[in-house]
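Read the structure below first, then the notes.
Taken together, the values in this text are just the output of simple stated rules run on the coordinates, not laboratory data. Since the model is a prediction, treat every value here as computed from it, not as a measurement. Here the Cβ positions follow ideal geometry from the backbone for every residue, glycine too, while neighbour counts run over all protein chains shown.
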Amino acid sequence: MIKRFLSRYSFSYPRTIVYMLQSSEYNIHDYLSWYFKVSDFKKVEVRKKFNKTLKGLLLLVCAWVIIILSFILIDNLLLALLLFPYILAYGIIIPLLLIKLIQLPIEYYLLSKTKTKIKNHKAFKIAIAGSFGKTTMREILKTVLSEGKIVSAPKDSYNTPLGISKFVEGLSGDEEIIIFELGEYYPGDIRQLCDIINPNMGIITGINEAHLKRFKTIDSTVKTIYELGEYLDSIYVNGDSSLALDSARKTDIIYSSNGMGTNLVLDAKTDLNGLSFKFRNSEFKSKLLGIHQIGPLVCAIEIALSLGLSMEQIQKGVAKTKPFSHRLEPKTDPSGVVIIDDSYNGNPDGVRVAIDFLKSISGRRFYITPGLVEMGAKTKEVHLEIGKMLALAKIEHIVLIRNSVTGYIEEGLKDNDFKGELIWFDSALEAYNSIPSITISGDVVLLQNDWPDQYL
């Protein structure tokens, strides 16, 4: 209590407040929810630091102005000292709202300009929506289709209206195919993005409890993602995702790790070097890890065929696909320990396939996680299930980070007669730094998810 109170009086406090707004994507409700949970404002900036954007710097100046005005307007010095941290915490919302008000006509102009540019662009436009797997699908498609077409897709997760606007601004006009990733945070988001890009083809990569804290119900999540279907008579749907499959229309095209329609996947194999399988009487190899990646690859193969690429071109494209940053990305350290970085995956389906993959690997295995965020009312259920999956997979060493959710993983482990070693650490950094001391050459360590600062 005292530490929390005193931490408000550090010189870095104004910057911390603005950083919290940045990390909350300037959502006032999320910012205030985080503010009330902070126990030490000196330790808020852990994973990331304040980003010196124009908006951020402007708010930082406003923060110091609010502090100065607090001392000018409050005659009593002691009272001013006591109150200014709280005046700043709430007062910063006023310039934020003013900035948002100023931004509205600018954003309207930019989005109108973007819509016009996309409308006049000759390229075939593919839109990808889903709770998970969007970036993987985007990169697979881009890699495969680039063997026969001029393809453009954002390098980063430019999946908001302004993000897409920034990406479109950089298009040359020569592109034959443009791939868009659609972000969903609130109902209506996918519809708004589709209004901008007017897609020719759509893909739903899967639906789960990710962002359930924001959507409140899974039905709301499903309806938001399936807003993509309002713009297209038929879309590709990941059949490995039960929630996506259950909401698919008769006209939609279902793909999965088993294949598509009557075209089945055969001889599927995976290890630390990648995966291989047969499909449409052809052999495919990829450096991607996990059988679950076959579904997106099958989808990409079918789309490539429909757009005129030869099977030889497609095989070359599939062979070039590889793990993406922080998504089942294997690295071998100098001591011979294999680190599988899956720190970006923070959803139940991502956890499930990661555990399945780890289960298939021989040797001593370690699973390190702080748990998942934004599970809302499903928090306990989801983490109990993680514990159950780990116990049934017989992973030898489970490393958990102490927080509000990992206790449920421990409970799930115990309920399912876990026989391995359970190790606890107070922070993710402490756990990651311990890897050299708890592992030996040949061990496989999977790093699952990384909590952003607002969830610490």
The summed charge of the D341 Cβ neighbourhood (under 12 Å; Lys/Arg +1, Asp/Glu -1) stands at -2
Looking only at aspartates and glutamates whose Cα falls under 15 Å of K278's and that sit 8 or more positions away or on another chain, we get D267, E302, E312
Please give the helix 311-320 orientation as an angle from the longest Cα principal axis of the chain, in degrees from 0 to 90, rounded to the nearest 10.
-> 40
Taking other Cβ within 10 Å of each residue's Cβ, how do F11, F5, F84, F324 sort, fewest first?
-> F11, F5, F324, F84
Find out how many positive minus negative residues lie around Y185, taking Lys and Arg as positive, Asp and Glu as negative, among other residues whose Cβ is under 9 Å from that of Y185.
-> -2
For K142, which lysines qualify as cross-link partners when the Cα separation must be under 17 Å and same-chain residues fewer than eight apart are set aside?
-> K125, K134, K155, K285, K287, K316, K320, K322
Stokes-Einstein D for region 211-254, Kirkwood Rh over Cα pairs, 4 °C, 1.567 mPa s (µm²/s) | 118
Most to least packed among 235-243, 440-448 [average Cβ atoms within 10 Å] | 235-243, 440-448
The ratio Rg/Rh over the Cα atoms of region 138-215, Rh being the Kirkwood inverse mean 1/r radius, stands at 0.98
Could you name the lysines whose alpha carbon sits less than 20 Å from that of K380, not counting residues in the same chain fewer than 8 places away?
-> K37, K213, K216, K388, K414
Fewest Cβ neighbours within 10 Å first, please rank I340, I395 accordingly.
-> I395, I340
Burial ordering of K394, K316, fewest other beta-carbon atoms within 10 Å first | K394, K316
Computed over region 21-80, the convex hull of the Cα set has an average projected area, in nm², of 5.2
Principal-axis tilt of helix 348-360 within the chain, Cα atoms, nearest 10 degrees = 60
Quick one: Karplus J couplings for region 92-106, per residue in order, coefficients 6.51, -1.76, 1.60, θ = phi - 60°, nearest Hz, x for Gly and Pro?
-> 5, 5, 5, x, 4, 5, 5, 4, 4, 5, 5, 5, 3, x, 5
Note the angle between two axes, namely the Cα long axis of helix 406-415 and the longest principal axis of the Cα atoms of the chain, as a number of degrees from 0 to 90, rounded to the nearest 10.
-> 50
Amide H contacts of I235 (H built 1.01 Å from N, under 5 Å, at least 5 apart or other chain) | D252, I253
Using distinct alpha-carbon pairs, which all enter the 1/r mean, Kirkwood radius of region 297-456 in Å | 16.9
Between region 153-196 and region 1-70, what's the alpha-carbon centroid distance in Å?
-> 30
